[in-house]
Amino acid sequence: MEDTIAAVATAYGEGGIGIIRISGEKALSVLNAFFRPMRKHMKQKEQKNVFEPDSVGMTNGEPIVNRRLTYGHIIDYNTNQVLDEVLAVYMKAPYTYTTEDVVEINCHGSIVSLRKVLELVLKSGARMADPGEFTKRAFLNGRLDLTQAEAVIDLIKAKSDKSFDVALGQLDGTLSKNIEQIRNLLMDELVNITVNIDYPDEDIEEITYDTLLNNLLQIGDMIQKLIDSADTGRIIKEGFKVAIVGKPNVGKSSLMNALLRENRAIVTDVPGTTRDTIVEDITIKSIPVKLIDTAGIHHTEDQVEKIGIEKSKESFNEADLVLLILDGSQPLSIEDQEIIEVIGARRTIVLINKMDLGQVVDEKKLLEEMPKASFIHTSVKNGQGIDEIEDKMEELVFNGEVKQSGSTFITNVRHANLLVSAKSALEDAIHMVRLGEALEFIEIDVKRSFELLGEIIGETVSESVIDEVFSRFCLGK
Ligand code: GDP
Ligand code: ZN
């Protein structure tokens, strides 16, 4: 039999309430050991439909009703002291988070209360849960597949609306269904192959290498589509890294401020200032964006604003997008040229700023030098062109594709790696089909592809992978 586990499920610190969660077959007996309900509930008078208070008072072992929140005291049975006044609920298996019996105790949210009650819980037959153990049990008991369990981590850690939405979809099983669909198609091919190997002379529809090739190619395309979504998926999860560059006085700080004003910063865990650059986390169109002011240094040097091209280079390399600002009211300078050279072929939006002063810069020449860049005319000082910048960023994140609400994004590195391996196994199979090799050999690679996809949802996965996944959880989840 599995142990009964317990942990504080809410964040530590001062809060209105803090919740202790207990899961396992002893959950109810643990609760009964120290919980004294104060029944003051209303009893319905059948005929009159009138409610009347009915005080039951402190009763030891008062039956607790499944799924009903009960008000009462936690009594330390060693000292007879009241530890806290709580609301407790017992949820009977199997329709619970873990599929086991679950108890949740809503204590007052101080660390003191939670620690004392948890100690009592642990003395009464439960043991401390490992990080992620509740969710691991939900997975091992078959309530969640591995992608859904991973979605729980992502939901907890989500820092933008968009990443929360994607995780919620994944918890709902959108990714799993997608993978299952591909696996079913592979299974069809495997069955065909196996039948043809086992009964080569029977009157079974013979597998033709042409159909097999076509089908495998189609399946390969489906896998590739998921792989292609990983770039967007990573950005949704980690943030779109945008480096703001340009020589002094073109309007970098003004732009940074304009973007910050409109898009409230929601993340504070990254310190605002790194050594040479200022990073600001904002949300643009529900996409998390990390704005890197590469010339953060120019404000730390007193007299001469100096651009550190070498330093900027480093942040270019991290960036998903470069926002180059030029002073449109001036001709291109040598400094501008140097920066353009350093940017090279990186994905770039060029802002021709200070349009309110009239355009002087030679745009034709710019287009020649940066043929792949997007150009936007702005007057940052007057707030002109900011919306256009935001639209363009969104477009780039979604690779110019129209966003579909139901579309699946791969946001998890583990999934992305397995998809790449599955695709490569499939390509091996396709190669052998083309060469007309024996079905026995083809079968091996198709099967490998099938199994690698199974690892994503946790169907064919080793214990060490499972441990690895759940080690990323926090305590109490
Ligand atoms: P940075 O050195 O690149 O960070 O540039 P700043 O943002 O500090 O701006 C330098 C100067 O240009 C400031 O006086 C701004 O008010 C001004 N500035 C910024 N954008 C515009 C604009 O679109 N039009 C005009 N006329 N001035 C601007
Ligand atoms: Zn500045």
> If you take the beta carbon distance between Ser424 and Leu213 as r and set R0 to 30 Å, what does 1/(1 + (r/R0)^6) give as a FRET efficiency, to the nearest 0.05?
Replying inline: 0.95
> Which FRET efficiency value, to the nearest 0.05, is calculated for Leu332 and Lys381 with the Förster distance at 30 angstrom and r the Cβ-Cβ distance?
Replying inline: 0.90
> Based on the Cβ-Cβ distance from Tyr199 to Thr460, what FRET efficiency comes out when R0 is 35 Å, to the nearest 0.05?
Replying inline: 0.85
>> Just to be sure I understand the curve: with the Debye formula and one point per C-alpha of region 374-471, what is log10 I(q)/I(0) at q = 0.12, 0.22, 0.24 Å⁻¹?
In response: -0.66, -1.07, -1.14
>> Using the basic label-point model (7 angstrom from Cα toward the beta carbon), what is the His108 to Leu357 distance in nanometres?
In response: 6.2
> Considering the Cα trace of region 218-263, what is its radius of gyration and what is Dmax, both in angstroms?
Replying inline: 17.6, 53
>> From the convex hull of the Cα coordinates of region 93-184, what is the mean projected area in square nanometres?
In response: 7.9
>> Sort 333-342, 223-232 by packing, meaning the average of other beta carbons within 10 Å per residue, with the highest value first.
In response: 223-232, 333-342
> So how do 112-124, 433-445, 16-28 stack up, highest first, on mean other-Cβ count within 10 Å?
Replying inline: 16-28, 112-124, 433-445
> Which log10 I(q)/I(0) values, to two decimals, does region 327-408 give at q = 0.11, 0.20 Å⁻¹ under the Debye formula with one point per Cα?
Replying inline: -0.36, -0.97
> Volume per residue, Å³, of the convex hull around the alpha-carbon atoms of region 70-124?
Replying inline: 89
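Quick note: the coordinates plus some simple rules give every number you see, no bench work behind them. All values reported here derive from a predicted model rather than from experimental measurement. Please note: Cβ atoms are built from the backbone with ideal geometry, for glycine as well, and neighbour counts cover all protein chains shown.
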